[in-house]
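Quick notes on the structure that follows.
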Amino acid sequence: MKAAGLIINPVSGAGADTHAAEKRVALARDVAQRCGCSIEIVVTEYAGHARVLAASFRDAAVPLVIAWGGDGTTNEVAGALIHTGVPLAIVPSGSGNGLATELKLPVNAERAIESILRGRNRVMDAGELNGRVFVNLAGIGFDGHIARQFQRLAAGKRGGLPYLTIGLRSVWGYRPGTYTIEIDGDRFETGALLIAFANGCQYGNNAVIAPLACVDDGKLEMVVVKPWPAAANFLRLHHLFRRTAHRAPGVLTRTVTSARVTGAGLLEMHVDGESVESAAEAHIRVLPGALTLRVPASS
């Protein structure tokens, strides 16, 4: 039996390099040989393929599944491994790498693979939005809108800068909504630029939206960013990078285990940065201890 199955997204973080897949396969084989491990390597060919490949590894009782890609690839693989006890490992190469950044996983691919093969397991929570699993963040409103715009970019044109550019441009034209939120028996209405449900605490690139979130406390952190004039939103931006978003003006935070959100129309939403189908309602819940994560032994 293989010691691990490695799923490579050849597009994530590759830019215009058309030989990224071959280079990543060769590097992974070299590291595995050096560590004395036998791994099976597969490469994704279309959106959603990582989940299919992860399910195949799971059904074949492969004891460790590695996702080499961004938050979307991690999300797909996690969706196949939830509640199975099969460890998920991450080689981050996306534009955000939110969960990997917060857990301080190695960003160098060679170091990441080596630390995975010699690492240890830890149990973490996950979340669910309308049946879609998320391991880091789910959102409604502005960040769901941004995710939809970002997803339309061609392969090789994504990255941290394009994501930031889309966000800054959208601030001026986006119209915040009014939402009804039901959480743990409480119900209230509020205007919001965005509503985030955080298992991990950051979008990526050290932009921390939920400083109080913890991946293994059996809860989610809800963050409601209330509407401000477009120009004034920039006054709150620095809080993301100072880990003080929960103290920013016009920001409400609540620790929750489940929630229901409705608005005046269809909701724009994302899970782990990937746009999901709009819906009239969003049902969110935490999945305590649902995922096993492989981390460096020293973590």
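The values are calculated or read from the model by the stated rules, or taken from the named source; none is laboratory data. If you're wondering where the values come from, they're calculated on a predicted model, not measured in any experiment. As a convention, Cβ positions derive from the backbone with ideal geometry for all residues, glycine included, and neighbour counts pool all protein chains shown.
A few notes on this one:
- If you go through the range 171-192 and pick out every residue that is under 26 Å from residue 287 (Cα atoms) and either outside the structural domain of residue 222 (by TED's automatic domain parsing) or of a type outside the set (Val, Ile, Thr) (or both), you end up with 9.
- Qualifying residue in the range 217-237 (condition: under 27 Å from residue 294 (Cα atoms) and among the aromatic types (Phe, Trp, Tyr)): no
Residues are listed down the side, and each one gets a yes or a no for (1) under 15 Å from the mean Cα position of the chain (by Cα); (2) within 23 Å of residue 90 (Cα to Cα); (3) outside the structural domain of residue 187 (by TED's automatic domain parsing); (4) acidic (Asp, Glu):
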site	(1), (2), (3), (4)
210	yes, yes, no, no
228	no, no, no, no
244	no, no, no, no
250	no, no, no, no
274	yes, yes, no, yes
280	no, no, no, no
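- Against the list (1) farther than 19 Å from residue 198 by Cβ; (2) at pLDDT 95 or above, the condition residue 75 fails is (1).
- Matching residues, the range 240-299, being among the small types (Gly, Ala, Ser) and under 11 Å from residue 138 (Cβ atoms): 259, 273, 282
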